[in-house]
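Peer 1: The structure follows.
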Amino acid sequence: MGAIALVLTSAVAVGMGTLGSWGGADQLLMVGLGATIAAFLWRYASIRAVPGEEGLMVRNLLVTRTVAWDEILAVRFPEGDPWVTLELDDTDVLAVMAIQRVDGERGREEAVRLATLLGRRRSTPPPSP
């Protein structure tokens, strides 16, 4: 989809420069819009949560953060929340956009799986989501 956005905005920029009254700046802005859309879609498609030996790498839309297992106090997925959140020992809350409510039962299963994994990595098990 990102490539399509970039190709379409580039075609419009060239077409409006050739057939219309757009100048070079207008064309560059249109291509820039296509590039921005493509970059946003690429980043959105790369949202994930990857467990490792040392902790959990959470890549959200704007921020990527690796959290050590010992820093995570609880995995939460209360009704009405759009995605899973992690309660951290520094009183911060980290959203895990990779596990979303819109995914229905699969999202709930992934939340339980993350809580179970956290329980295995910690000496005291966290409450279930």
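The values are calculated or read from the model by the stated rules, or taken from the named source; none is laboratory data. Note that the coordinates shown come from a computational prediction; the quantities given were computed from them, not determined experimentally. Cβ: placed from backbone, ideal geometry, glycine included. Neighbour counts: every protein chain shown. Accessible surface areas use protein heavy atoms only, side chains included; no ligands, DNA or RNA. Shrake-Rupley method; radii C 1.70, N 1.55, O 1.52, S 1.80 Å.
Peer 1: Scan the range 42-50 and tell me whether some residue there is within 19 Å of residue 83 (Cβ to Cβ) and touching a helix residue (DSSP H, G or I) at 6+ places or on another chain (Cβ under 9 Å). Let's see the steps before the verdict.
Peer 2: Looking only at the range 42-50, we keep the residues that are within 19 Å of residue 83 (Cβ to Cβ), and these are 43-50.
From what's left, touching a helix residue (DSSP H, G or I) at 6+ places or on another chain (Cβ under 9 Å): 45, 49.
Yes, there is a match, as at least one residue in the range 42-50 is within 19 Å of residue 83 (Cβ to Cβ) and touching a helix residue (DSSP H, G or I) at 6+ places or on another chain (Cβ under 9 Å).
Peer 1: Given the criteria in a helix (DSSP H, G or I) and under 15 Å from residue 58 (Cβ atoms), does residue 94 qualify?
Peer 2: Details: in a helix (DSSP H, G or I): no; under 15 Å from residue 58 (Cβ atoms): yes.
No.
Peer 1: Output the residues belonging to the range 1-39 that are open to solvent by less than 60 Å² (accessible area, probe 1.4 Å) and either closer than 30 Å to residue 99 by Cβ or of a type in the set (Lys, Arg) (or both).
Peer 2: Correct list: 2, 5, 35, 38, 39.
Peer 1: Related question: Give me a count of the residues in the range 108-129 that are exposed (fewer than 13 other Cβ atoms within 10 Å of the Cβ), modelled with pLDDT under 90 and within 19 Å of residue 80 (Cβ to Cβ).
Peer 2: Going through the range 108-129 one residue at a time, the tally reaches 1.
Peer 1: Now a separate question. I'm trying to understand the selection: among the residues of the range 81-107, which are open to solvent by less than 70 Å² (accessible area, probe 1.4 Å) and either over 24 Å from residue 39 (Cβ atoms) or among the polar types (S, T, N, Q) (or both)?
Peer 2: 81, 84, 85, 86, 87, 88, 92, 100, 101, 104, 107
Peer 1: Which of the following residues is of a type outside the set (A, V, I, L, M) and part of a loop (DSSP other than H, G, I, E, B): 20, 32? Let's see the steps before the verdict.
Peer 2: Details: 32 fails: part of a loop (DSSP other than H, G, I, E, B).
The conditions single out 20.
Peer 1: Restricting the range 47-80 to residues that are of a type in the set (A, V, I, L, M) and open to solvent by 70 Å² or more (accessible area, probe 1.4 Å), which is farthest from the chain's Cα centre (by Cα)? Before you say what the answer is, go through the steps one by one.
Peer 2: So in the range 47-80, the residues of a type in the set (A, V, I, L, M) come out as 47, 49-50, 56-58, 61-63, 67-68, 72-75.
Checking which are open to solvent by 70 Å² or more (accessible area, probe 1.4 Å) leaves us with 62-63, 73.
On the way: 62: 7, 63: 8, 73: 21 Å.
Looking at residues that are of a type in the set (A, V, I, L, M) and open to solvent by 70 Å² or more (accessible area, probe 1.4 Å), I get 73.
Peer 1: Look at residue 42 and say whether it is aromatic (Phe, Trp, Tyr), surrounded by 15 or more Cβ atoms within 10 Å (Cβ to Cβ) and at negative phi. Before the answer, list the steps.
Peer 2: Values: aromatic (Phe, Trp, Tyr): yes; surrounded by 15 or more Cβ atoms within 10 Å (Cβ to Cβ): no; at negative phi: yes.
Here the answer is no, as residue 42 does not meet what is asked.
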